[in-house]
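A short worksheet on the structure shown next.
The values are calculated or read from the model by the stated rules, or taken from the named source; none is laboratory data. Source: prediction; values computed, not measured. A quick note on method: Cβ atoms are made from the backbone with ideal geometry, for glycine too, and the neighbour counts reach across all protein chains shown.
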Amino acid sequence: MNHPVVRSALFVPASRPERIPKALAAGADAVIVDLEDAVEHLAKASAREALCDFLGLNREARLWVRINDASTSWHDDDLKACRGRAGVAGILLPKAESMMQVRHAAQTGCPVIPILETAQGILNAGEIAATP
């Protein structure tokens, strides 16, 4: 499978959906809508809803989504929001620590880019990298 090279990416907080069109127009190779660190805990659900609303109204948009990591209560809701959405080009999985976490995220049908940020993730880098 041939994947395009991403040389530049713009991050947009999912809590600020009005910034997404400007990011898409800026010419970056990828726009990543962040549900994780850029969104306050109390705003996670409304940010997720704003992302889904944006994708519903902008069917031509292709966005990557950085979800919340598997240890959080928001993780499965983030995956559910991405599942089956043509506008989600892929998922960035923060704090990935195992092949099972990557496989779980891949059940959305979206490509997954695991982000290794913990010692456990680094120890399991080989198995994570080998996950289809």
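When I32, I91 are checked against the criterion of being under 20 Å from V5 (Cα atoms), at pLDDT 95 or above, in contact with a Ser or Thr (Cβ under 7 Å, 6 or more places away or on another chain) and β-branched (V, I, T), I91 stands alone in meeting it. Out of curiosity, is W64 farther than 20 Å from A9 by Cβ and among the aromatic types (F, W, Y)? Judged against the criteria, W64 is not a match.
For segment 64-78, taking the residues that are of a type outside the set (D, E) and out of contact with any strand residue (DSSP E or B) (no Cβ under 7 Å at 6 or more places or on another chain), the one that is farthest from L93 (Cα to Cα) is identified as S73. Evaluation of V102 against the conditions (1) out of contact with any strand residue (DSSP E or B) (no Cβ under 8 Å at 6 or more places or on another chain); (2) modelled with pLDDT of 95 or more shows that the sole unmet condition is (1). When segment 1-29 is filtered for residues that are assigned to a helix (DSSP H, G or I), surrounded by 10 or more Cβ atoms within 10 Å (Cβ to Cβ) and either small (G, A, S) or at pLDDT below 95 (or both), only A23 remains. Consider only pairs whose beta carbons are under 7 Å apart and that are at least six residues apart or on different chains; among these, list those whose first residue lies in segment 102-125 and is closer than 19 Å to R83 by Cα and whose second residue is aliphatic (A, V, I, L, M) and part of a helix (DSSP H, G or I). Qualifying pairs under 7 Å: V102/I128; A105/L79; T108/L79; V112/V102; V112/A105; V112/A106; P114/V102; P114/I128. Residues in segment 29-59 that are over 17 Å from R16 (Cβ atoms) and without any contact (Cβ under 8 Å) to a residue 24 or more places away in the chain: G56 only. Against the numbered list (1) β-branched (V, I, T); (2) surrounded by fewer than 21 Cβ atoms within 10 Å (Cβ to Cβ); (3) closer than 15 Å to N68 by Cα, I122 comes up short only at (3).
Scanning segment 1-28 for residues that are without any contact (Cβ under 8 Å) to a residue 12 or more places away in the chain and hydrophobic (A, V, I, L, M, F, W, C) turns up M1, A25.
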